[in-house]
Amino acid sequence: MRVIERIEDLRAACDIERAAGRSIGLVPTMGYFHSGHRSLMRNAREGTDFVVVTLFVNPMQFGPDEDLDAYPRDIAGDLAAATEERADVLFMPSVSEMYPLGPQKTTVGVSSLTEGLCGRARPHHFDGVTTVVTKLFNIVGPSAAYFGRKDFQQLAVLRWMVRDLDLPVEVIGCPLIRENDGLAMSSRNAYLSSEERAAAPALFASLVEATEVMRDGERDSAVVEKLVSDAIGKNSLLDIEYVEVCDALTLQRLDEIDGEVVIALAAGAGRARLIDNVVLRVDGLLVEADLGMRIGLDPSE
Ligand code: AMP
């Protein structure tokens, strides 16, 4: 695996691969790799010839009071993990490499989908994401880019951006990877105290409960949202930010549950802000739920 820090070196390496007819898979990350990141790398390894993993803690997607400086880092561990997953390149640019002139005057923004859910508490977050991902697309020229369904809103926003701007990239959504007790894996889980860590699986449990009442025929979003909030609210260490049933494509809140929907939530737990979701396909009495994969990936697999 080649470690690259300069944009021009990454562009040159990718140009050579594309000229040789090889497809490029891009996996954008902020590092501190866990099995969720590794599963994206595996999907990219299977789906494309040349895998570029990027590790950049992007200041543009953090708010002024957020955890940019505290964001967990483990460069040695990340190098080992990306090597094990047979990435071809790990791109680790500095902030000045990505933003040499300081804050950008040109940004990419997606309206409507970015306004609700996490966008309410993090008003400029998705502009940071869509801008940096567009830059990475332009540097790398991937045929496919891999994102986790854990960040469901991010995935929906990026899909919309690619369609709106006719970007020649296939956006591939990969399964949400969970700890064995159901907690969605996240670099930010490192912030949890042992008590908060013990409380956190209640988020997943509440989504399982919601799925069950929907299987029993409940179609009223307000009822489902209240059930999830009440289940989480029983735990004093979890502070609910939102629970919302939305259309999976447009992310608009639904009154009545039908078609492809997502139940998305965010909650504070000490210093950590945790998100989770379940995607459901509802067709008459039939409810098909995607609750993610409740297994740690064995790195030696
Ligand atoms: P991050 O490093 O947190 O910015 O995440 C980089 C990529 O990994 C994003 O596409 C995330 O959606 C994805 N990711 C993070 N956690 C998980 C998870 N538990 N399961 C699947 N994908 C994940």
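The values are calculated or read from the model by the stated rules, or taken from the named source; none is laboratory data. For clarity, every value in this text was computed on a predicted model and none was experimentally measured. Here the Cβ positions follow ideal geometry from the backbone for every residue, glycine too, while neighbour counts run over all protein chains shown. Accessible surface is based on the protein model in full, side chains and every heavy atom, while ligands, DNA and RNA are left aside. Shrake-Rupley method; radii C 1.70, N 1.55, O 1.52, S 1.80 Å.
How many residues are over 26 Å from ARG122 (Cα atoms) and more than 8 Å from the ligand (Cβ to nearest atom) if we restrict to segment 21-43? Of the residues in segment 21-43, 9 are over 26 Å from ARG122 (Cα atoms) and more than 8 Å from the ligand (Cβ to nearest atom). Screening GLU115, GLU46 for residues that are open to solvent by 30 Å² or more (accessible area, probe 1.4 Å), touching a Pro at 6+ places or on another chain (Cβ under 9 Å), more than 13 Å from the ligand (Cβ to nearest atom) and under 27 Å from VAL262 (Cβ atoms) leaves exactly one candidate, GLU115. Answer yes or no as to whether VAL51 is part of a strand (DSSP E or B), without any contact (Cβ under 8 Å) to a residue 60 or more places away in the chain, of a type in the set (Val, Ile, Thr) and assigned by TED's automatic domain parsing to the domain that holds PRO93. Yes: the conditions hold for VAL51. Among the residues of segment 226-247, the one identified as of a type in the set (Lys, Arg) and either touching a His at 6+ places or on another chain (Cβ under 8 Å) or in contact (Cβ under 8 Å) with a residue 24 or more places away in the chain (or both) is LYS234. Checked against (1) open to solvent by 40 Å² or more (accessible area, probe 1.4 Å); (2) part of a strand (DSSP E or B), THR250 passes all but a single condition, namely (2).
The C-beta contact set for segment 119-147 (first residue buried (at least 19 other Cβ atoms within 10 Å of the Cβ), second residue basic (Lys, Arg), distance under 8 angstrom, 6+ apart or interchain) comprises ILE139/ARG11; VAL140/ARG11. Evaluating THR106 against the criteria (1) among the polar types (S, T, N, Q); (2) surrounded by 18 or more Cβ atoms within 10 Å (Cβ to Cβ); (3) free of Cβ contacts under 8 Å to residues at least 40 places away in the same chain leaves one unmet condition, (2).
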